[in-house]
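The values are calculated or read from the model by the stated rules, or taken from the named source; none is laboratory data. Nothing here was measured: the structure is a model prediction, and the numbers come from that model. Cβ coordinates were reconstructed from backbone atoms using ideal geometry, including for glycine residues, and neighbour counts include every protein chain displayed. Note: accessible area is taken over every heavy atom of the protein model, side chains too, but ligands, DNA and RNA are not part of it. Shrake-Rupley method; radii C 1.70, N 1.55, O 1.52, S 1.80 Å.
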Amino acid sequence: MARQLEQAGSQNGFTLIELLVAISLLAIISVLAWKGLDQTLLGRRHITDNMQEERSLLLAFEQIRQDLAETAVDVRLPRPVLQVRSDTLSLVRWSLMPDAAPQLWRVDYRIRQGRLLREARRIEPSAGLGPTWQRQLWLQDLDAISAHVYQPGHGWTGTELAAGLPPGPTRLLRLQVSRPGWPWPVTRIYRIGP
């Protein structure tokens, strides 16, 4: 009988203290895992936002490259085919559409309230500028856009390119875009005209 009492008192199982220690350890591990998961999700969101900004920047630069490649440097116009002001890059370009005659368009890149906008207007032969045909928002939270024109024999000079220039030497545009938080402005150099 004494043996039965001994066996009854030493049952296989966990004591209350052992269960409390195990639950405490699981709670600590789950809090650490939750914090790690939260940091991973915040990092993912930050990377996704940066990828969207970089994609917008690349799309904007590619559109600017296409516009500058089609700049109408060989046409005589009463105004320069390319002008840079403090917040605007204006150019006159060809628009080559299939099954249509080539048309001249004026394209303006402007910074308005920190946003880079692209506006394109067709140039009517008799009436001047047509209504705004296209307006696109490319980038946000920008400080400034600056550009300089390179002309052979003169270097990086001014902010205009005259109309009716003969074909020949390569003309370039150095474009800089700055934004708060960027350590330095993003700079690209483009060829002007075909």
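With respect to A101, is the statement that it is open to solvent by 50 Å² or more (accessible area, probe 1.4 Å), without any contact (Cβ under 8 Å) to a residue 40 or more places away in the chain and over 13 Å from the mean Cα position of the chain (by Cα) true? Considered against the rule, which asks whether it is open to solvent by 50 Å² or more (accessible area, probe 1.4 Å), without any contact (Cβ under 8 Å) to a residue 40 or more places away in the chain and over 13 Å from the mean Cα position of the chain (by Cα), A101 comes out as yes. Do we find a residue being on the phi < 0 side of the Ramachandran plot and surrounded by 12 or more Cβ atoms within 10 Å (Cβ to Cβ) anywhere in segment 37-56? Yes - at least one qualifying residue is present in segment 37-56. Restricting segment 167-194 to residues that are assigned to a loop (DSSP other than H, G, I, E, B) and modelled with pLDDT of 85 or more leaves a set whose member that is least open to solvent (accessible area, probe 1.4 Å) is P185.
The requirement of being out of contact with any Lys or Arg (no Cβ under 7 Å at 6 or more places or on another chain), open to solvent by less than 40 Å² (accessible area, probe 1.4 Å) and under 26 Å from V177 (Cα atoms) is satisfied by V81.
One residue is enough: does segment 11-24 have a residue meeting the conditions charged (D, E, K, R) and under 19 Å from Q140 (Cα atoms)? No, because not a single residue in segment 11-24 is charged (D, E, K, R) and under 19 Å from Q140 (Cα atoms).
Every residue in segment 153-166 that is at pLDDT 75 or above and either of a type in the set (A, V, I, L, M, F, W, C) or under 19 Å from V84 (Cα atoms) (or both), please.
Here is the first cut: in segment 153-166, the residues at pLDDT 75 or above are 153-156.
The answer is H154, G155, W156.
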